[in-house]
1. Residue check: is E33 open to solvent by 70 Å² or more (accessible area, probe 1.4 Å), modelled with pLDDT under 90, under 38 Å from the mean Cα position of the chain (by Cα) and acidic (D, E)?
2. Kindly check whether there is at least one residue in the stretch 257-266 that is closer than 30 Å to I184 by Cβ, in contact with a Phe, Trp or Tyr (Cβ under 7 Å, 6 or more places away or on another chain) and touching a residue at least 24 places away in the same chain (Cβ under 8 Å).
3. Among the residues of the stretch 306-315, write down those that are out of contact with any Pro (no Cβ under 7 Å at 6 or more places or on another chain) and surrounded by 12 or more Cβ atoms within 10 Å (Cβ to Cβ).
4. Is there any pair with a first residue in the stretch 189-217 that is touching a residue at least 60 places away in the same chain (Cβ under 8 Å) and a second that is assigned to a helix (DSSP H, G or I) and open to solvent by 70 Å² or more (accessible area, probe 1.4 Å) whose Cβ atoms are under 7 Å apart and which are 6 or more apart or on different chains, and what are they?
5. Does W57 fit the bill of being exposed (fewer than 13 other Cβ atoms within 10 Å of the Cβ) and either touching a residue at least 12 places away in the same chain (Cβ under 8 Å) or touching a His at 6+ places or on another chain (Cβ under 7 Å) (or both)?
6. Has the stretch 94-103 got at least one residue that is over 19 Å from V18 (Cα atoms), open to solvent by 60 Å² or more (accessible area, probe 1.4 Å), at pLDDT 80 or above and among the basic types (K, R)?
7. Here are some conditions: (1) of a type in the set (A, V, I, L, M, F, W, C); (2) open to solvent by 50 Å² or more (accessible area, probe 1.4 Å); (3) touching a residue at least 24 places away in the same chain (Cβ under 8 Å); (4) within 30 Å of M175 (Cβ to Cβ). I64 meets all but one. Which one does it not meet?
8. Looking only at residues that are of a type in the set (D, E, K, R) and more than 21 Å from I253 (Cα to Cα) in the stretch 171-206, which one is modelled with the highest pLDDT?
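The values are calculated or read from the model by the stated rules, or taken from the named source; none is laboratory data. Predicted model only: the values in this text are computed from it and were never measured. A quick note on method: Cβ atoms are made from the backbone with ideal geometry, for glycine too, and the neighbour counts reach across all protein chains shown. Protein only, heavy atoms only, side chains kept; ligands, DNA and RNA dropped before computing areas. Shrake-Rupley method; radii C 1.70, N 1.55, O 1.52, S 1.80 Å.
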Amino acid sequence: MRQRTPAYIFIPLTLLAVILAFTMVTPVDVVPEPGFQGMIHNLLEHLKHVFVQGIFWAVLAVAIVMLLIINALNKVVEAERFKRLSQEEQNKYLEDSKIGYFKKLFGSAAKKQSDQEEEAIILDHGFDGIKELDNALPQWWLSLFYFGVVFMIVYVMAYSFTDFAHADTEYQEEMTYKDKVDSIWAVANDIDITGAVNKSNDPAIVEQGAKIFAQNCVQCHMEGGKGGIGPNLTDDYWVNHVEDSLFKNIYHIVYDGSPHNPQMRAFGQRKELSGLAIEKVASYVYFINQKEPTKTVAEGAAAPQGDLMEAWKQK
């Protein structure tokens with residue numbers, strides 16, 4: 001009669017399997033970090049998301065109750081089988097039960113059969129003098145095999161009926177999360193005109209400003225700022241001049257709107273653009289006004305409007 005696996009072994013292992021199963025199917029809103037420390041961080045974040053779910057604790061409670069019932073049934077079955085053993089077998093079983101589970105487990109890995117035991121398990125076929133023993137598979141091997149089977153079933157079910165391990169879904173979720181983080185950062189680190197800096201010398205900022213301009217300003221000021229409904233932004237004439245600095249003046253008008261033209265709405269006050277976004281688009285407008293050739297009427301640009309600002313002429 002074989003010793004049964006103690007409750008303090010199979011119950012924690014089963015509960016651990018339940019926790020791992022939940023980590024596989026529970027979505028998380030964090031970006032995975034690389035490296036060993038990142039692996040630990042990612043695991044902890046997964047566990048945090050698992051532990052806040054009510055369904056997890058319900059399943060865990062049911063699993064504990066079922067495992068305790070199974071353990072009680074195993075004790076009853078073990079007692080019945082023990083009664084059927086001979087006195088010698090009972091004594092051997094009681095002697096073996098005094099050996100610790102882990103000591104027995106590790107000892108079995110190095111245990112060697114005696115000649116008599118080996119003779120009893122030799123199969124009745126061989127080849128070239130080589131005989132085969134009918135050894136039982138090691139417990140650690142069987143444990144890994146059964147764990148792999150359970151893991152495969154959970155993995156296939158999770159992959160088939162949830163978004164687990166779907167690369168395209170995970171990519172979209174990560175991009176959404178990064179956009180959310182960027183938005184939160186932008187709000188927390190937003191600026192106003194006092195913190196705005198002219199970044200027209202930074203090609204990356206100018207390019208980003210051009211994209212914002214294309215999305216919000218090109219309808220009136222046309223492509224490249226040559227003017228249409230709105231004034232030409234590439235010449236030296238300005239309808240609004242409320243700041244001493246050209247860059248600050250552009251930022252002010254984009255943020256607060258034009259006092260002379262209600263169609264030039266206040267993008268900053270209306271929360272349509274953040275202060276950081278306005279800094280970028282102001283840098284772009286400064287760039288096309290100061291560092292690119294002026295677009296003329298002959299080139300299809302709008303005629304000059306407003307006042308000639310000598311101080312803001314192209315250098």
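1. The answer is yes for E33.
2. Checked the stretch 257-266: no residue is closer than 30 Å to I184 by Cβ, in contact with a Phe, Trp or Tyr (Cβ under 7 Å, 6 or more places away or on another chain) and touching a residue at least 24 places away in the same chain (Cβ under 8 Å).
3. D307, M309, W312, K313, Q314
4. If the second residue must be assigned to a helix (DSSP H, G or I) and open to solvent by 70 Å² or more (accessible area, probe 1.4 Å), no pairs are left.
5. no
6. yes
7. Here I64 meets the rest and fails (4).
8. Here the answer is D202.
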